[in-house]
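The values are calculated or read from the model by the stated rules, or taken from the named source; none is laboratory data. Since the model is a prediction, treat every value here as computed from it, not as a measurement. Reconstructed Cβ throughout: ideal geometry from the backbone, glycine too, with neighbour counts over all protein chains shown. Ligands, DNA and RNA are excluded from the accessible area calculation, which covers all protein heavy atoms including side chains. Shrake-Rupley method; radii C 1.70, N 1.55, O 1.52, S 1.80 Å.
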Amino acid sequence: MMRALRFLALAIALPAGASAAHAASDRGLAVGNFVAAGDAIVDVLAPSGLAFTTMDLGSAAEPQMRALRASLRPTAPPGAGQSQQTACPRGGHVKTTLYDTDRDDTLSSGDRFVTVFESCVTEGGVLTGRSEFRIVAHRFEGTSEVTELEFCFVELGTPELRWSGPARAVLRSDLLRGTDRYTIRYRDLAVRRGSQAMRWDFTLDMVRPTIGAPVVSADGAMTLDTMRLQLHQDEPYVLTMRGFPNSGLLTASDPQGARLQVEAGPRRYAYRLYRAGNRGEVPDSASRSKPYGQR
């Protein structure tokens, strides 16, 4: 449970990409906004960002449920919620409630885990809002264990960064090979950072092999203010031990046909803008972002 709370707090306390406050306009991708648009896109891959927080919450679901169940007495009847309140570092508290429908201490269809931040003060600000995940299915397919989760975020975050909306996660673990695969689908998730309003409507897919580096891909769409960008993963991003990529390529296209390439390198991303009509290999403008972790 506390591991999940720390991930949630970190995701809000360390919001990467604050420079992307004015990334989009009705004009589409242009020389004046493509770097900020690139920063908003790579925020999806930030180790402290919302997308990875969702993955960590899902992968820690069963340990959270067991820990909360063990700490609550007396045992509640099946389906009844059991709650625990935890003080925040600098004031306020977090209330967590477990709804274990069949009271078996394991993942079962219908089980829910609800977290409510009530004026929770941390170094990143005052956290408020609610998150919830529900077990949709838990099954075994051959040597693989599969867990499907439905998430719902309700005005979760700080005044500087807040999000609301649904997400669906599928966690697949190959028990024989030790490989994990996480697929997170955001469905019109509203993300507000300062004056910028974003909508996430894409799928993030990560594979963590037993040996070798994890790889991640994003496909779908993202709306930055009023500009909608279609995301296509040309080459999966390969992640390092720190969680940042050192290779991979993604292309974002606007409705007018302009495209932005976001390529990961050993220390930073490179952004390349191709205006509408440019189908060649030479970009109209190229820039490099700040080093990883320095937004």
Exercise for review: Return the residue satisfying two criteria in turn: it lies in region 249-260 and is part of a strand (DSSP E or B) and touching a residue at least 24 places away in the same chain (Cβ under 8 Å), and of such residues it is nearest to Arg288 (Cα to Cα).
Suggested key: Leu260
Point to revise | Cross-chain or 6+ apart pairs with Cβ under 9 Å, region 111-124 first and on the phi > 0 side of the Ramachandran plot, then surrounded by 21 or more Cβ atoms within 10 Å (Cβ to Cβ) | key: Ser119/Leu127
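Here's a check for you: in region 143-161, which residue that is touching an Asp or Glu at 6+ places or on another chain (Cβ under 9 Å) and open to solvent by 30 Å² or more (accessible area, probe 1.4 Å) is farthest from Thr96 (Cα to Cα)? It would help to see each step written out before you state the result.
Step one: of region 143-161, the residues touching an Asp or Glu at 6+ places or on another chain (Cβ under 9 Å) are 143-145, 147, 150-154.
So of that shortlist, the ones also open to solvent by 30 Å² or more (accessible area, probe 1.4 Å) come out as 143, 145, 150, 152, 154.
Values: Thr143: 33, Glu145: 26, Glu150: 17, Cys152: 15, Val154: 15 Å.
The residue in question is Thr143.
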**Study point:** Exclusive hit being touching a residue at least 60 places away in the same chain (Cβ under 8 Å), crowded, with 20+ Cβ neighbours inside 10 Å and out of contact with any Leu (no Cβ under 6 Å at 6 or more places or on another chain), set Leu273, Leu204
**Key:** Leu204
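Taking the conditions exactly as written (open to solvent by 20 Å² or more (accessible area, probe 1.4 Å) and farther than 25 Å from Val207 by Cα), does Arg268 satisfy them or not?
Taking the combined requirement at face value, the residue does not satisfy it.
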Review point. Got at least one residue in region 282-294 being open to solvent by less than 20 Å² (accessible area, probe 1.4 Å) and assigned to a strand (DSSP E or B)?
Key: yes
Study note, to complete from the structure: Val215 passes all but one of the listed conditions (1) within 20 Å of the chain's Cα centre (by Cα); (2) open to solvent by less than 20 Å² (accessible area, probe 1.4 Å); the exception is number (2)
Point to revise | Filtered residues of region 114-126 (kept if part of a strand (DSSP E or B) and either basic (Lys, Arg) or in contact with a helix residue (DSSP H, G or I) (Cβ under 6 Å, 6 or more places away or on another chain) (or both)) | key: Thr122
